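Scroll down for the structure; my scribbles are underneath it.
The values are calculated or read from the model by the stated rules, or taken from the named source; none is laboratory data. All values derive from a computational prediction rather than experimental measurement. Ideal geometry is used to build each Cβ from the backbone, glycine not excepted, and the neighbour counts take in all protein chains shown. Ligands, DNA and RNA are stripped out before the accessible areas are found, and what is left, the full protein with its side chains, is counted by its heavy atoms. Shrake-Rupley method; radii C 1.70, N 1.55, O 1.52, S 1.80 Å.
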Amino acid sequence: MTTEMQNEAEIFRGTTEGATRFKDHRSVRGTPKQGMPAFVLGEELAEMAKTDERIVVATADLASANRTNDFRDVHPERFFDFGIAEKNMITAAAGMAACGLVPYVATFASFAAILGAEQIRTDCAYPKMPVRVIGTHSGMSMGFYGSSHHALEDLGMLRVMADLTVICATDANHLRAVLRRSVDHPGAMYIRLGRGRDPLVYDTIPDVEIGKAIRLREGKDLTIIATGSEVRAALDAAEVLAADGTTVRVVDMHTISPLDRSEIEAAARETGAIMTVEEHNITGGLGSAVAEVLVDLPRLPFLKHGVPNRYVEVGPPAALYDKYRLDAPGVTAVAREFVATHG
Amino acid sequence: MTHRSNVNYAVLEDRAKFIRTETVRLTRIAGAGHYSSTFSCAEILAALYYAQMRIEPSKPNWPDRDRFVMSKGHAAIGLYPVLADLGYFDPSELNTYTRLGSNYGDHPDMKKVRGLDFSSGSLGHGLSVGVGMSLSGRLQGRDYRTYVMLGDGEISEGQIWEAVIAAGHFQLGHLVILLDRNGLCIDGHTEDIMGIEPVHERFAAFGWDVQRVDGHDLPSVMGAFDNLPAGTTGKPQAIVFDTVKGRGVKRMEMSLDWHVGNLVGEDYDDVMKELEAGLMPIEPEPAE
């Protein structure tokens, strides 16, 4: 396939907007690398490992896809490719952690979280091993690869596990901050990433505290609590709604477990309504987690927005975000309808 | 068969008996316990902990210690008394076995039991833990061995074979499988439920060095340990121990009724007497 054909194919898939050329691995199909969470993963870990000998990285035959090869290139002796054997990789990471290492193991979210759920619970979370399981290509970002490759249940499955920290990285800069914070964080973690083509929310590396939400925008008519790739869509929606005269508070709820209860309580107390937005099944994920807090509070209008509880269609990711109203126009429309109906 | 001059086989035999009698005693506290799959590995455990492993019970976190993962976690009832006997904790703690809040449950918990290198319970995970421990040892320049005891029914789990492949690929010469080949799983004979033979050839085909010995004959068990290479060969090691499930109590030997059970009253006393009398030689199967 020629470069031109490849680029056309990518545009057809809807995964890029007007990509025009290949570059070296510092960029992916013309989009700057720093805008891509998955693609700073190996680079950031490699940098961290220069001063921390405990850090090791593993993947399951996806070193190129999740850019852990950027780590392998710098620290080959501390990189392990386990081949297509995710369960073995996650449990072996627990074994490494039991001997004093801090392993970061990365593969597609559907395989990390769903295939490896028992290994995450039994071998990492329960014995409080400092294993960091990184699920890339989460949600429906794998588009036409189909339901086996979509991870729309991972948050629901993993947030119910005690002693497991569950985080959705918002963008590349946020991911760097989370990784830096993660090294000495006690116990096991699951870190959810998008496909690596997510737009920036943070222009610089933010000050991230695990378990504490980040309030990105103030408003009094509605709070949108979003996570991961949907934070950008929520901010864009708030901008549009401001023009309508509706002011929207936007909260980046990057830590799904433990959940920042006080931020939710503040939203309930201070704004007119709450809406959650996530690229996840509306059953069991962020929306459900927030609802578990709201049930203890005075009643207020609340809407969970996400993927319906069914297996989504295949298609280019951009088409899927449009269909399920999880792109900025979709979130804007859903929020507008919600504000109109509740008030 | 190699006989070590510095090994007192009478002592090891006594410790294997101790593992069995403690299993019976603790099972009575719990009201149910895994007799037969603990009895099958009693000699292996005794030889491993009392004569083979490089450990220092006063320093359970010593980085250079040999590691042991009891992947067939339901045999923990036989491991706890060994750890207590070696001084990892006060043997009286075992009297809480399975009681509410006890550190000692049916499956071993590294968060609660001093001297345990890892937890287990869900079968099929332990060898992967061993792979990680061996990789760590190499990365950190330590020459400890990691021993993983597997049940023969357990190796039907796919994750085991992921780890078998990985150990060969990563050339983990310090990793040792101890396979308790007792022939029975819960639902019947392994070869009827899910056949694994020729199991030694299967390990060999994945690049492992394999020995196969009688798992109840202590000189053979010790001989297999003696035959392990230094660990620098890059070949992971498997020892297939042919054992008898329930070995030591006639009514339990190869009986499907005693995977989990409870002895009470006269039965308890009879079994304790039988165990105190010591193992009888294994009688050959009558020709059909």
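Largest first and in whole Å, give the semi-axes of the protein assembly as shown's equivalent ellipsoid, each being the square root of 5 times a Cα gyration tensor eigenvalue.
On the way: eigenvalues 558, 143, 85 Å².
The three semi-axes for the protein assembly as shown are 53, 27, 21 Å.
Looking at chain A, identify the longest residue range that excludes and avoids all GluC sites (Glu not before Pro) in DSSP loops having at most 13 other Cβ atoms within 10 Å. Formally, the longest exposed-site-free interval is A:18-208. Across segment B:137-288, counting alpha-carbon atoms alone, Rg and Dmax equal 17.8, 56 Å. Per-residue mean of foreign Cβ neighbours for B:119-128 is 5 (Cβ atoms of other chains, 10 Å radius).
Using heavy-atom solvent-accessible surface (probe 1.4 Å) with all chains present, what is the largest-first order of B:CYS41, B:CYS185? Walk me through the numbers before you get to the answer.
Details: B:CYS41 0, B:CYS185 30 Å².
In descending accessible area the options line up as B:CYS185, B:CYS41.
What the Kirkwood sum gives for segment B:1-128 is a hydrodynamic radius of 15.0 Å, with every pair of different alpha carbons counted.
Using only Cα atoms, what Kirkwood radius does segment A:214-342 have, in angstroms? Don't skip to the answer; put the middle values down first.
Values: mean 1/r = 0.0694 Å⁻¹.
Mean inverse Cα-Cα distance, inverted, gives 14.4 Å.
In chain B, helices alone account for a calculated mean residue ellipticity at 222 nm of -10500 deg cm²/dmol, with every DSSP H run of four or more residues adding -39,500 (n - 2.57).
The apolar share of the surface of the protein assembly as shown, taken as the fraction of accessible area on carbon and sulfur atoms (1.4 Å probe, ligands and nucleic acids excluded), comes to 51 percent. Kirkwood hydrodynamic radius computed over segment A:36-178 comes to 14.9 Å, based on all pairs of distinct alpha carbons. Measuring max minus min along each principal axis, the C-alpha atoms of chain A give extents of 60, 50, 36 Å (largest first). Count neighbours as other Cβ atoms within 10 Å of each site's Cβ, and list the trypsin sites (Lys or Arg not before Pro) in segment A:170-267 that are DSSP loop with at most 16 such neighbours. Hits after loop and neighbour filter: A:LYS212, A:LYS220. Expressed as a fraction of 2.2 N^0.38 Å, the C-alpha radius of gyration for segment A:202-271 is 1.08. Among the lysines, which have Cα under 21 Å from the Cα of A:LYS87 when same-chain residues fewer than 8 positions away are ignored? The qualifying lysines are A:LYS128, B:LYS72. When each full DSSP H helix of chain A is screened for a Cα extent of at least 24 Å along its own axis and an average Kyte-Doolittle hydropathy of at least 0.5, none passes. Size descriptors for segment B:9-277, from the alpha-carbon set: Rg then Dmax equal 17.4, 55 Å. From the alpha carbon centroid of segment B:223-245 to that of segment A:258-314 is 55 Å.
Going down the table (B:LYS245/B:LYS273; B:LYS59/B:LYS245; A:LYS212/B:LYS112; B:LYS59/B:LYS112; A:LYS212/A:LYS304), which pairs top 27 Å between alpha carbons?
Check vs 27 Å cut-off fails for B:LYS59/B:LYS245; A:LYS212/B:LYS112.
Here the peptides A:107-116, B:241-250 are ranked by packing, the mean other Cβ count within 10 Å, and the order with the highest first is A:107-116, B:241-250. Shielding value for A:120-132 is 3, the average number of Cβ atoms from other chains within 10 Å of each residue's Cβ. In straight-distance terms, cross-link reach from B:LYS111 covers every one of the aspartates and glutamates whose alpha-carbon lies under 17 Å from its own, apart from those fewer than eight places away in the same chain; here that gives A:ASP123, A:ASP163, B:ASP90, B:GLU93.
Charge tally around B:SER255: other residues with Cβ under 12 Å, Lys/Arg +1 each, Asp/Glu -1 each, net +2. Within the assembled protein chains, the solvent-accessible surface assigned to A:ASP81 is about 50 Å², based on a 1.4 Å probe. In terms of overall dimensions, the C-alpha atoms belonging to segment B:170-225 reach 34, 30, 15 Å along their principal axes, ordered largest to smallest. On association of chains A and B, roughly 2000 Å² of accessible area becomes buried (total for both chains; probe 1.4 Å).
Alpha carbon centre of segment A:34-112 versus segment B:144-207: separation in Å? Cα centres, segment A:34-112 to segment B:144-207: 27 Å. Per-residue surface analysis assigns A:PHE144 an accessible area of about 80 Å², computed on protein heavy atoms at 1.4 Å probe radius.
Using only helices, what value at 222 nm comes out for chain A when you add -39,500 (n - 2.57) per DSSP H run of length 4 or more and divide by the total residues, to the nearest 500 deg cm²/dmol?
Counting only the DSSP helices, I get -10000 deg cm²/dmol.
The chymotrypsin sites (Phe, Trp or Tyr not before Pro) of segment B:37-145 include none that meets both conditions, a loop assignment by DSSP and at most 10 other Cβ atoms within 10 Å of the site Cβ.
Computed with a 1.4 Å probe over protein heavy atoms only, the accessible surface of chain A comes to 38 Å² per residue.
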